[in-house]
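Only one structure is covered here, and it is reproduced in the block below.
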Amino acid sequence: MLSPRFLLTGIFLLIHFLGFSQEYRSLLLLAQENTKKEKYKDAIKLLQEAKSLKGKDTGYNENVNLYLGNNYEALNKIDSSIFYYGEAVKFNERKKNIASLSFLYSRLGNIELSFTHRYANAVDYFKKQLACEKTQKDSVSLFDCLNNIGLAYKSLKINDSALFYFNKVAENNSIHNQSKNAALLLTADTYSKQRRFDLALSNYDKAISLFSLSKDSSSLCIAFANKGDCLMQLKRFDESIVALQKAKNYITSAISLSNKSSLYHNFAFVYNQQKDYYKAFYYKNLENLTKDSINTESIGNAVAEMTAKYELRQQQDSLYISKQKLALADVKAEERQRNFVVLLVGAIILGLLLIAFYSNKQLRLKNKLQQQEATQNELQLTYQYKLSESELKAIRSQMNPHFIFNVLNSIESYIMDNEKVIASRLIQKFAGLSRLILENSTKSLVTADREWKALKLYTELEAMRYSDSFTYSFNVDENLQLQHILLPPMLIQPLIENAILHGLIVEPKPDSHLEVSLAQLENGICITVSDNGIGISDKVKTPTQKMLKQQSIGISSIKERLEMINAQTKSDMASLTISPGINNRGTIATICLPILNQNKLS
């Protein structure tokens, strides 16, 4: 069944078809059919083709941007969706098209609320939607909009404003009010957050009663789960268990992994308080497995979103380059026309020929400057593409399939050996590492304490996987405060991976040790990864080992990123050196960096 968003988009398509020429209309009809069949990529190709008819087709309409934004949103390509929705807003604001603006403000508000988490922006968009809704007759969208404003205020922790909007919906008995049940649940959640538990429980009971009448299983699951949490905070554990069990009975495919994780967490806590440790341990494991699924899904979404940003940048830059080429072509055409005039007039008056010659010279100079500018822009775009590709490579190298597969195999092995505590610890550390990598990968620079924590977790996981066949230590200069130092994320981990895989576990020794240290220089910092493994000269013993060493996990990616840092900071401070250890035992790899800030790498 199609969502209301796609039905509304279909209505907009039919409205704008009136008076359109055949080619543009055919492309939009085909795009609409692909959207209905959830073939969003095919729909986008057709809409981009329709967009190219601007200036060529009298039926062209800028609302094609609305349909592009809608399909990109369905693919979770949020940056592209925001860009095209923004273009559609500009057009409809000029046309004062209230219905389209209401829809667009609603979509942008939901994106800011659910994806970008810029809640203040969400409030602004929803209030603009509310102004549009008030100019129209009483509608379902009006009450949904009021709830959304309340949700945005709740996310901003402005709970009194949130309750104001929730109550406006909960107390309205209009026949168009289909959001009353949700408003009661949201009101109860807000009271619970304020620890006004009596009011929270009263509203939960009202919401559950209405959801039961409408047989809304998903909402019943959430309502009972939140009621159970409220009772748990009141230490009414027996009643809490009853509510949580009811929530579990109403779990459907629509319930998010996050909600399931919270439910299992509360089960584990309550059973632990009741000293039923077997059930507590069971639900704790369910919670950890669910969190692991959330992290795996989030990493996939992060890579998809970064790919979407890269694609949008390509489209925008391609459009810019096309405009530059058209401008150059126009200049050349103008030059040819001017030369023709010069030749024609030159046969009559010598003075006019001299003037035309001077103008022609000036035009050539202008053309040369434009060509130089275009060349410079192309070089800048090439650099931006390399930066995006480098960031994508860094994510893939840090969480490569081989590492994930080995960790999961280790977890399975511990579970099969009935070592549940070790398996649980391994799951928790792996989930923590995945969450840190996901959060760090969205930024060009992160604080050193976050990156240091990720490196420690990774090393702990590798040590556990190889049965503690090596020891490790992490050392930081006493004068350094990690929370005030910025590092490029995912830069040091490949060196640690190399030290373990190609140094310590090739020929394990009783005293195998890995050391990671962070030291301060006069105008920068150095991170050193050293091991006492087989060393550089002894590593190449078989053709297979030689091939692995030559590929050198992540080294080429590190060098590429260091070159980019030097280019951006206009220095040669960023460097990587790899040398043998003392007496040719082990390997020492050192990365030196200048003092970085967000402005330097933005």
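The values are calculated or read from the model by the stated rules, or taken from the named source; none is laboratory data. Since this is a predicted model, take the numbers as computed values, not measurements. Cβ placement follows ideal geometry from the backbone for every residue including glycine, while neighbour counts extend to all protein chains displayed.
The table below gives the values:
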quantity: Residue 367 vs. criteria surrounded by 14 or more Cβ atoms within 10 Å (Cβ to Cβ), at pLDDT below 75 and outside the structural domain of residue 563 (by TED's automatic domain parsing); calculated: no
quantity: Selection count where residues are modelled with pLDDT under 85 and assigned to a helix (DSSP H, G or I), scope the range 432-463; calculated: 10
quantity: Failed condition for residue 172, given (1) within 25 Å of residue 260 (Cα to Cα); (2) more than 35 Å from the chain's Cα centre (by Cα); (3) of a type outside the set (Phe, Trp, Tyr); calculated: (1)
quantity: Scope the range 243-295; condition β-branched (Val, Ile, Thr) and surrounded by 15 or more Cβ atoms within 10 Å (Cβ to Cβ); matching residues; calculated: 251, 255, 270, 290, 294
quantity: Selection count, the range 165-195, where residues are exposed (fewer than 15 other Cβ atoms within 10 Å of the Cβ) and either without any contact (Cβ under 8 Å) to a residue 12 or more places away in the chain or within 19 Å of residue 232 (Cβ to Cβ) (or both); calculated: 6
quantity: Failed item, numbered, when residue 506 is tested on (1) of a type in the set (A, V, I, L, M); (2) over 33 Å from the mean Cα position of the chain (by Cα); (3) farther than 24 Å from residue 575 by Cβ; (4) crowded, with 20+ Cβ neighbours inside 10 Å; calculated: (4)
